[in-house]
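Scroll down for the structure; my scribbles are underneath it.
The values are calculated or read from the model by the stated rules, or taken from the named source; none is laboratory data. Given the structure is predicted, the values throughout are model-derived calculations rather than measurements. Because the Cβ atoms are built from the backbone with ideal geometry, glycine has one as well, and the counts that use them run over all protein chains shown.
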């Protein structure tokens, strides 16, 4: 065969395949950068705020003698802020953009931690943690989720699961936070936490604030399964926040989500207190149990990410609610270590599987255009779960001397979530 002809044929083959030297290099899909940045931010917030709260609570109770109800009020105020500011947060994301909102959150979170490091009274504790919550909220879950949703459609559950892994990974640092609290002091740890978290949030905010169309990138990325001529699955199906609120699905999803947060919020706020007061654990031992939850949670996220884009999300959420209920009952009636570790596995798997599907379901049902505002309105309902669960558990623990009754009542209330998710069918679609 003529060498020149062979070379020409080979060159033609490379040109036809689009893989020749003249082809532009394949750049990394920006959506995965957004998702990775969100995972890092959520990991730090989880480690330094959510998971650390229970450890701070034990130390502050030792130093100041505050009641479990006082600790519960501080946590409840923290969560109430997310609910009450949710609509404003959603509006700000829609109007100002995620980059500006996250940078504002970074500044506020530093101010909150600096104040918290100097407190000496319950009211200062409550108010300083409220400021921390505002800053973390502006740069946290809603901002990360809404930004991730705009970059993904067919891989939405997978992307949200990757971002949510950060929440779980942060929990693995619980023992390290306890070491810092015991060796550096809680005031010094709080001060350092604020500056570290604020700096990372501000630095990573530059990845936010653009859309796929602005960067000339396809939704879902450059994978081989992407067809640029295929319409998106939710074409002409982007409800406004007002339209979404008028659907039955909006309320059922919000109430089901809130019922799950009764358990999640109570565990975050009270697990360390429960293990040290009811089960006789040291704070360091309790931190290892707390670190076990995110390990199971990550396994659940991997499962939810793989199945969420292929299976019925509602059914998966309903099954996960059963896991939340069973886990909390195991904790309430634990008489041996294996029951506590069974709680860790069951609750962690349920939380990890269900958590990322909450955002994916709402985006599937209502579209991505007004996602931030829809989530903002949902937060008004979710607030009752995150506030009511920890507060009820703390009040009943002080009144009865044990967490058993409070955890049992919360498990019974959370059982309604399985029914709510099963009933939350998609809203009827209007014609394009």
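Quick check on segment 393-403. Is at least one of its residues buried (at least 21 other Cβ atoms within 10 Å of the Cβ), free of Cβ contacts under 8 Å to residues at least 40 places away in the same chain, part of a helix (DSSP H, G or I) and in contact with a helix residue (DSSP H, G or I) (Cβ under 9 Å, 6 or more places away or on another chain)? Within segment 393-403, one or more residues are buried (at least 21 other Cβ atoms within 10 Å of the Cβ), free of Cβ contacts under 8 Å to residues at least 40 places away in the same chain, part of a helix (DSSP H, G or I) and in contact with a helix residue (DSSP H, G or I) (Cβ under 9 Å, 6 or more places away or on another chain). Just one of the listed residues (118, 154, 103, 95) is part of a helix (DSSP H, G or I) and either in contact (Cβ under 8 Å) with a residue 40 or more places away in the chain or buried (at least 23 other Cβ atoms within 10 Å of the Cβ) (or both), and it is 103. For segment 127-146, check the following and say yes or no: at least one residue is more than 21 Å from the chain's Cα centre (by Cα) and either outside any loop (DSSP other than H, G, I, E, B) or in contact (Cβ under 8 Å) with a residue 40 or more places away in the chain (or both). Checked segment 127-146: at least one residue is more than 21 Å from the chain's Cα centre (by Cα) and either outside any loop (DSSP other than H, G, I, E, B) or in contact (Cβ under 8 Å) with a residue 40 or more places away in the chain (or both). Going by what's in this entry, would residue 274 be described as part of a helix (DSSP H, G or I), over 16 Å from the mean Cα position of the chain (by Cα), modelled with pLDDT of 90 or more and closer than 19 Å to residue 402 by Cα? In short, yes.
Any residue that is buried (at least 21 other Cβ atoms within 10 Å of the Cβ), farther than 30 Å from residue 427 by Cα and in contact (Cβ under 8 Å) with a residue 40 or more places away in the chain - is there at least one of those in segment 317-327? Yes, some residue in segment 317-327 is buried (at least 21 other Cβ atoms within 10 Å of the Cβ), farther than 30 Å from residue 427 by Cα and in contact (Cβ under 8 Å) with a residue 40 or more places away in the chain. Hey, does segment 330-347 have a residue that's modelled with pLDDT under 95, under 23 Å from the mean Cα position of the chain (by Cα), more than 20 Å from residue 255 (Cβ to Cβ) and not in a helix (DSSP H, G or I)? Looking through segment 330-347, none of the residues is modelled with pLDDT under 95, under 23 Å from the mean Cα position of the chain (by Cα), more than 20 Å from residue 255 (Cβ to Cβ) and not in a helix (DSSP H, G or I). Scanning segment 172-191 for any residue that is within 28 Å of residue 378 (Cβ to Cβ), touching a helix residue (DSSP H, G or I) at 6+ places or on another chain (Cβ under 6 Å), modelled with pLDDT under 90 and in a loop (DSSP other than H, G, I, E, B) turns up nothing. Of all the residues in segment 311-329, those that are within 16 Å of residue 161 (Cβ to Cβ) and assigned to a helix (DSSP H, G or I) number 4.
In the condition set (1) closer than 15 Å to residue 262 by Cβ; (2) not in a helix (DSSP H, G or I), residue 385 is compliant with all but (2).
Could you check, for segment 293-310, whether at least one of its residues is outside any helix (DSSP H, G or I), touching a helix residue (DSSP H, G or I) at 6+ places or on another chain (Cβ under 6 Å), at pLDDT below 90 and more than 27 Å from residue 181 (Cβ to Cβ)? Looking for residues that are outside any helix (DSSP H, G or I), touching a helix residue (DSSP H, G or I) at 6+ places or on another chain (Cβ under 6 Å), at pLDDT below 90 and more than 27 Å from residue 181 (Cβ to Cβ), one finds at least one in segment 293-310, hence yes.
Every test in (1) on the phi < 0 side of the Ramachandran plot; (2) surrounded by fewer than 24 Cβ atoms within 10 Å (Cβ to Cβ); (3) at pLDDT 90 or above is passed by residue 144 save one, and that test is (2). Residues that are at pLDDT 85 or above and either in a helix (DSSP H, G or I) or surrounded by 24 or more Cβ atoms within 10 Å (Cβ to Cβ) (or both): does segment 64-75 have at least one? Yes, there is a match, as at least one residue in segment 64-75 is at pLDDT 85 or above and either in a helix (DSSP H, G or I) or surrounded by 24 or more Cβ atoms within 10 Å (Cβ to Cβ) (or both).
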